[in-house]
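For reference, the structure discussed in these notes is given below.
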Amino acid sequence: MDYESAVKISGLVKTFNQKEVIRNCNMTVSKGRVYGLLGVNGAGKTTIFKLLLGLLHPTAGHIEIFSEDIRISKNKILRDVGSMIETPIFYEHLSAIENLEIHLSYMGIQNTDIQKTLGIVGLQNIGNQPVSQFSLGMRQRLGIARAIIHHPKLLILDEPINGLDPVGIREMRELFQELVKKHDMTILVSSHILSEIEQISDVIGIIVDGSIVEEIELASIEKDFADGLEEYFFSIVNGGMKHSG
Amino acid sequence: MVNLLKLELKKTNIRTYIISASIIGICMLGIIYLFAYAPKIEPKDPDMKMFAGYENIIPLFNTICMFAFSLLSSVMFSKIVIEEYAGKRTTLLFSYPVSRRKVFLAKIAVVSLFVVTAMITSCISIFTIFGISESISPVVDGNITFEIINRAAKTTFYMSISAVSVGIISMAIGFIKKSIPTTIISSVLLCSLLSNIVAGSISADSAIIIFTIILVLISVLVINIMTRKINCMEV
Ligand SMILES: Nc1ncnc2c1ncn2[C@@H]1O[C@H](COP(=O)(O)OP(=O)(O)O)[C@@H](O)[C@H]1O
Ligand SMILES: [Mg+2]
């Protein structure tokens, strides 16, 4: 299958205090797909997402989003990106609607149906209570609402399923499928939990020690590995460990 | 830019600051009467000379006012600037397609305008109340001349600008450590230092002008440095 790429990372390196956290990382996310970035805690998932959003500057390497270099056209790219990095942060004393209004204003967008988006993520009857009274799951949903409300072309969600129950996970999967199909979005999600990634993505990228060691269609793993993703994942991760000594 | 200013207002709970400014105003009203009555309490004490006559009371009162509003401005800068750039908030703020410099300047503008307006409004109200009560039953010896009013107006204006500058400078110090307590402590220290200088040179009109200009220049410099820092900040 051949897809145009939404995100293309090549030779990416990021060091913090002389420590290489991302090393020679290559990654390609095709348009219109749900790409799951899978890796243990500390593998570098959040760091890669922050580099994609221009929140961190790469030490070396290139990042292209929709064929534009993030260092050159950052603001142009950011208009088309929705993101949620780690736990979402809100203006606690304001309501969900006010938080979304502020977000839209920064994004430079008007006339968007806020209630409809809240409905999509399952927060329809929340009224005007301040976000400080929200539960963890509600915050996560509001974070996703904020990431999609301005109709981005690329959605970047860092561990979006943290704090959701099994029903919530299923709703997210359905939501992602709908966003990809109806709104032509490309979705990039990360997780350290195999079963979550398996349930929501089409393509999986496995990150080990700051480098993506494998990018593969979920369907082909299911075909070749009878025991499923878990078996496959361990073979890759252990292999990766051996290579790096 | 207007949109960014409106957004800052929307994000902050501006009512809290209006209430704080009003409370400061009420305390300051008490202070001006305290100064006015001071010489009556101990008429023989030579130290009380500093409270003799309007031309002494008013600059002294303005200095205390500047102290109070400097603290208010440093608290506001802590909440609106330091808190946003120190915590996880920055991740959200920096993922918007807006110039970081403009957002930062919008924050400075909101706090500065608020503090200057609040201080000038408070002082005008206090002087009006005090002026009326003095014309009915005077406490202070001497007449309220046009020159005294004119000087009070000028001093209030310059001191309100100084109050903002002190806030900006302490914000810059607090920004190095990304800490709210540092910001507020810096502002207390700066104020104590400055009040002493001002109180020492109270009779000279030009002193307050020079002193304001120096503070403004330092503020512009630190805003420049901070803008550059924020522009290449990684979060
Ligand atoms: N700002 C930073 N300064 C120093 N080290 C960092 C910084 N951010 C992340 N790291 C390190 O980079 C590694 C990868 O972190 P991260 O991207 O958060 O992993 P993940 O999201 O996959 O759990 C970790 O070892 C972490 O300690
Ligand atoms: Mg992470």
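The values are calculated or read from the model by the stated rules, or taken from the named source; none is laboratory data. Remember, predicted model here, so these are calculated numbers, not experimental data. Every residue, glycine among them, receives a Cβ derived from its backbone with ideal geometry; neighbour counts consider all protein chains shown. Accessible surface areas use protein heavy atoms only, side chains included; no ligands, DNA or RNA. Shrake-Rupley method; radii C 1.70, N 1.55, O 1.52, S 1.80 Å.
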Identity of the residue in segment A:175-194, within 16 Å of ligand 2 (Cβ to nearest atom) and among the hydroxyl-bearing types (Ser, Thr, Tyr), that ends up surrounded by the most Cβ atoms within 10 Å (Cβ to Cβ): A:Ser190
Determine, yes or no, whether A:Gly32 is assigned to a loop (DSSP other than H, G, I, E, B), within 14 Å of chain B (Cβ to nearest Cβ) and away from ligand 2 (no atom under 16 Å from the Cβ). no
The lone condition A:Asp80 fails out of (1) modelled with pLDDT of 95 or more; (2) within 16 Å of ligand 1 (Cβ to nearest atom) is (2)
Can you find, within segment B:73-105, the residue that is surrounded by the most Cβ atoms within 10 Å (Cβ to Cβ) among those that are more than 14 Å from chain A (Cβ to nearest Cβ) and not aromatic (Phe, Trp, Tyr)? B:Ser74
Just give me the residues in segment B:105-132 being farther than 19 Å from B:Ile26 by Cβ and within 17 Å of the chain's Cα centre (by Cα), in sequence order. B:Lys107, B:Ile108, B:Ala109, B:Val110, B:Val111, B:Ser112, B:Leu113, B:Val116
Long-range neighbours under 7 Å by Cβ, at least six apart or interchain, first residue among the charged types (D, E, K, R) within segment A:28-50, second open to solvent by 30 Å² or more (accessible area, probe 1.4 Å) and more than 15 Å from ligand 1 (Cβ to nearest atom): A:Lys31/A:Tyr3; A:Lys31/A:Glu4; A:Lys31/A:Ser5; A:Arg33/A:Tyr3; A:Arg33/A:Asp202
Could you check, for segment B:25-44, whether at least one of its residues is within 14 Å of chain A (Cβ to nearest Cβ), in a helix (DSSP H, G or I), in contact (Cβ under 8 Å) with a residue 60 or more places away in the chain and surrounded by fewer than 19 Cβ atoms within 10 Å (Cβ to Cβ)? no
Within segment A:63-104, the count of residues that are touching a residue at least 60 places away in the same chain (Cβ under 8 Å), crowded, with 22+ Cβ neighbours inside 10 Å and more than 16 Å from A:Gly143 (Cα to Cα) comes to 1
Between residues in segment B:170-191 that are under 13 Å from B:Glu83 (Cα atoms) and residues that are among the basic types (Lys, Arg) and at pLDDT 90 or above, which pairs lie under 8 Å by C-beta distance while being six or more apart or on different chains? B:Phe175/B:Lys229; B:Ile180/B:Lys79
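Matching residues to (1) over 27 Å from B:Asn3 (Cβ atoms); (2) more than 16 Å from ligand 2 (Cβ to nearest atom); (3) in contact with a strand residue (DSSP E or B) (Cβ under 9 Å, 6 or more places away or on another chain); (4) hydroxyl-bearing (Ser, Thr, Tyr):
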{"position": "A:Ile63", "(1), (2), (3), (4)": "yes, yes, yes, no"}
{"position": "A:Ser67", "(1), (2), (3), (4)": "yes, yes, yes, yes"}
{"position": "A:Val81", "(1), (2), (3), (4)": "no, yes, yes, no"}
{"position": "A:His93", "(1), (2), (3), (4)": "no, yes, yes, no"}
{"position": "A:His103", "(1), (2), (3), (4)": "no, yes, no, no"}
{"position": "A:Gly108", "(1), (2), (3), (4)": "no, yes, no, no"}
{"position": "A:Ile114", "(1), (2), (3), (4)": "no, yes, no, no"}
{"position": "A:Gly119", "(1), (2), (3), (4)": "yes, yes, no, no"}
{"position": "A:Ser132", "(1), (2), (3), (4)": "no, yes, no, yes"}
Let me spell it out: the conditions are (1) open to solvent by 60 Å² or more (accessible area, probe 1.4 Å); (2) touching an Asp or Glu at 6+ places or on another chain (Cβ under 7 Å), and A:Val167 meets all of them except one. Which number is the exception? (2)
In segment A:74-117, the residues that are at the interface with chain B (Cβ under 8 Å from one of its Cβ atoms) and among the hydroxyl-bearing types (Ser, Thr, Tyr): A:Ser83, A:Thr87, A:Tyr91, A:Ser105, A:Tyr106
What's the number of the condition A:Ile212 fails, among (1) away from ligand 2 (no atom under 16 Å from the Cβ); (2) open to solvent by 20 Å² or more (accessible area, probe 1.4 Å); (3) away from chain B (no Cβ under 14 Å)? (1)
Filtering segment A:11-29 down to residues that are more than 14 Å from chain B (Cβ to nearest Cβ) and either surrounded by 18 or more Cβ atoms within 10 Å (Cβ to Cβ) or not polar (S, T, N, Q) (or both) yields A:Gly11, A:Leu12, A:Val13, A:Lys19, A:Glu20, A:Arg23, A:Cys25, A:Met27, A:Val29
